[in-house]
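Reading through the structure tokens given below for one structure.
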Amino acid sequence: MSGCIFCKIISGEIPSKKVYEDDQCYAFYDLDPQAPTHFLVIPKTHIESALAIDEENSAVVGHCYAVIAKIAREKGLESYRVVTNCGLQAGQSVFHLHFHVLAGRDMTWPPG
Ligand code: DGP
């Protein structure tokens with residue numbers, strides 16, 4: 001989608017530090033890491049947020065979670081948190097569905 005930062009990262013128009021890529025998703029390190037390990041996994045199709053997930057497009061969400069587990073195993077991450085901010089009040093700043101994967105430090109609950 002034109003104007004979407006994450007679509008531009010997928011196309012290579014904006015550079016990123018790639019973690020993983022396949023035909024359905026792209027993973028890259030977050031620009032503003034909130035943990036020693038912090039990367040994002042995004043579907044290649046433009047889905048605006050978690051609120052836009054439906055029966056038609058939800059298969060890629062399961063795929064993203066499988067990819068997250070695969071990357072975690074490869075990196076030896078035994079404990080990690082997956083976060084999806086949905087909407088402005090929840091802290092979403094980029095409106096292309098993404099899964100934050102955070103690891104390498106103690107996490108608190110509930111999140112702020
Ligand atoms: P959120 O606030 O949940 O929508 O998360 C968006 C994240 O995307 C935020 O942690 C910073 C990251 N981010 C924004 N722009 C870029 C970029 O151009 N490159 C990279 N690597 N990360 C970005």
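When the Cα atoms of region 14-75 are enclosed in a convex hull and the volume is divided per residue, what value in Å³ results? Display every interim value, and only then the final one.
Details: hull volume 6.5 nm³, N = 62.
Normalising the Cα hull of region 14-75 by residue number yields 105 Å³.
To make sure I understand the rule: partners must be aspartates and glutamates, Cα under 15 Å from the Cα of LYS17, and not fewer than 8 residues away in the same chain. Which ones qualify?
Reachable aspartates and glutamates: ASP30, ASP32.
Every cysteine in the chain with no other Cys Cβ under 4.7 Å from its Cβ, please list them in numeric order.
CYS25, CYS64, CYS86
Please give the per residue accessible area of the chain, computed with a probe of 1.4 Å over protein heavy atoms only, in Å². Kindly include the intermediate steps, with their values, before the conclusion.
On the way: 6830 Å² over 112 residues.
Per residue, the chain has an accessible area of 61 Å².
Compute the whole-percent fraction of alpha carbon pairs in the chain spaced more than 18 Å apart. Intermediate values should be presented prior to the final figure.
On the way: 3031 of 6216 pairs.
In whole percent, the long-distance tail amounts to 49.
Going by average Cβ neighbours within 10 Å, how do the peptides 74-85, 38-49, 16-27 rank, with the highest at the top? Don't skip to the end; give the middle numbers.
On the way: 74-85: 13.6, 38-49: 19.3, 16-27: 15.5.
My ranking of the peptides, most packed first, is 38-49, 16-27, 74-85.
The values are calculated or read from the model by the stated rules, or taken from the named source; none is laboratory data. The shown structure was predicted, so the numbers you read here are calculated from the model rather than taken from an experiment. Here Cβ is always computed from backbone atoms with ideal geometry, including for glycine, and neighbour counts include all displayed protein chains. Quick note on the areas: whole protein, heavy atoms, side chains included, nothing else; ligands and nucleic acids left out. Shrake-Rupley method; radii C 1.70, N 1.55, O 1.52, S 1.80 Å.
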